[in-house]
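Encoded as C-alpha cells, the structure appears first; notes follow it.
The values are calculated or read from the model by the stated rules, or taken from the named source; none is laboratory data. Small disclaimer: the values here were computed from a predicted structure and weren't measured. Here the Cβ positions follow ideal geometry from the backbone for every residue, glycine too, while neighbour counts run over all protein chains shown. What goes into the accessible areas is simple: the full protein's heavy atoms, side chains included, and nothing from ligands, DNA or RNA. Shrake-Rupley method; radii C 1.70, N 1.55, O 1.52, S 1.80 Å.
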Amino acid sequence: APLAEAGRAGRFNGRPQNNGMVLGERSGGLIDIELDHSLAVKKASEFLPPTPLRFGRDSKPESHWIYRTKSPVVTKKYRSKSAGMIVELRSTGAQPVFPPSTHESCEAITWIDPNADPAEVDPEVLLDAVN
C-alpha cells in the first residue's frame, strides 16, 4: 500500500484532485446527459428516461443523468444564441468530472444515490429524448 500511495502522490502531486470518467466505448457505454440550463434541469424528468444514477451540486442538483447503452452514441451539444448551452449528450471522447469532486464554483459535486446503477437505454430512445 505505501508504494501505491507514493505512486499516486507522484502522479497527482499530492494535492486533492477531482475525479474524471471517460465516457462512451471505453467505459462500457456510459453516457452523461448534462443539463446546463436551469429549465433543462427542471424539465428533465418529463423528457428523459428515468435513471437512478444522477449527480449534481447544491446550485444545480440532478444536473447529470447517467445511462448505459449497448451501441455507440455520438456526443451532441444543444445551445441557443440567447440562453447559451442547454443540454449535452456526452459520450465517447468526453470526460466529465464525477463525484466526489469540487466544481469550479467551489461546490461539492455529489451523487443523489452513490449505490445506484445507470439505467440501460437504447441509444435512439436517448437521442430522441434529448432532442
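Among S91, V73, C106, whose Cα sits farthest toward the positive end of the charge dipole of the chain (+1 at Cβ of Lys/Arg, -1 at Cβ of Asp/Glu, about the Cα centre)? Ranked along the dipole, the leading option is C106. What a 1.4 Å probe finds exposed on the chain is 52% carbon and sulfur by accessible area, rounded to a whole percent. In loop segments of the stretch 53-131 as defined by DSSP, the GluC sites (Glu not before Pro) with at most 16 further C-beta atoms inside 10 Å of their C-beta are E104, E107. Across the stretch 118-129, coupling constants 3J(HN,Hα) worked out from phi with the 6.51/-1.76/1.60 Karplus curve, θ = phi - 60°, read x, 6, 8, 10, 6, x, 5, 5, 5, 4, 4, 5 Hz, and Gly and Pro carry x.
Scalar couplings 3J(HN,Hα) for the stretch 17-33, obtained by applying the Karplus form with A = 6.51, B = -1.76, C = 1.60 to θ = phi - 60°, are 10, 7, 9, x, 10, 7, 9, x, 4, 5, 9, x, x, 5, 10, 10, 9 Hz; x denotes Gly and Pro.
What Kirkwood Rh does the chain have if only Cα atoms enter the pairwise 1/r average? Answer in Å. After inverting the mean inverse Cα-Cα distance, the result is 15.7 Å. Judged by the ratio a/c of the largest to the smallest principal axis of the C-alpha gyration tensor, the stretch 65-124 counts as oblate, that ratio being 1.5 or greater while a/b is no larger than b/c. About the centre of its Cα atoms, the chain shows a dipole size close to 420 debye [charges on the beta carbon of Lys, Arg (+1) and Asp, Glu (-1) only; nearest 20 debye].
Restricting the trypsin sites (Lys or Arg not before Pro) of the stretch 68-131 to loop positions (DSSP other than H, G, I, E, B) with no more than 12 neighbouring Cβ atoms within 10 Å leaves K70, K81.
Relative to the longest principal axis of the Cα atoms of the chain, the long axis of helix 38-47 lies at roughly 70 degrees. Any idea how many Lys pairs in the chain come in under 21 angstrom at the alpha carbon, given 8 or more places apart or on separate chains? Close lysine pairs under the 21 Å cut-off: 10. For the chain, the longest principal axis of the alpha carbon atoms and the long axis of helix 2-12 meet at an angle near 50°. Taking θ as phi - 60° and the Karplus parameters 6.51, -1.76 and 1.60, the scalar couplings of the stretch 78-89 work out to 10, 9, 10, 4, 7, 9, x, 5, 9, 8, 10, 9 Hz in sequence order, x denoting glycine and proline.
Work through the residues other than R54 whose Cβ is under 9 Å from its Cβ and net out their charges, Lys, Arg +1 and Asp, Glu -1. Neighbour charge sum, excluding R54 itself: -2.
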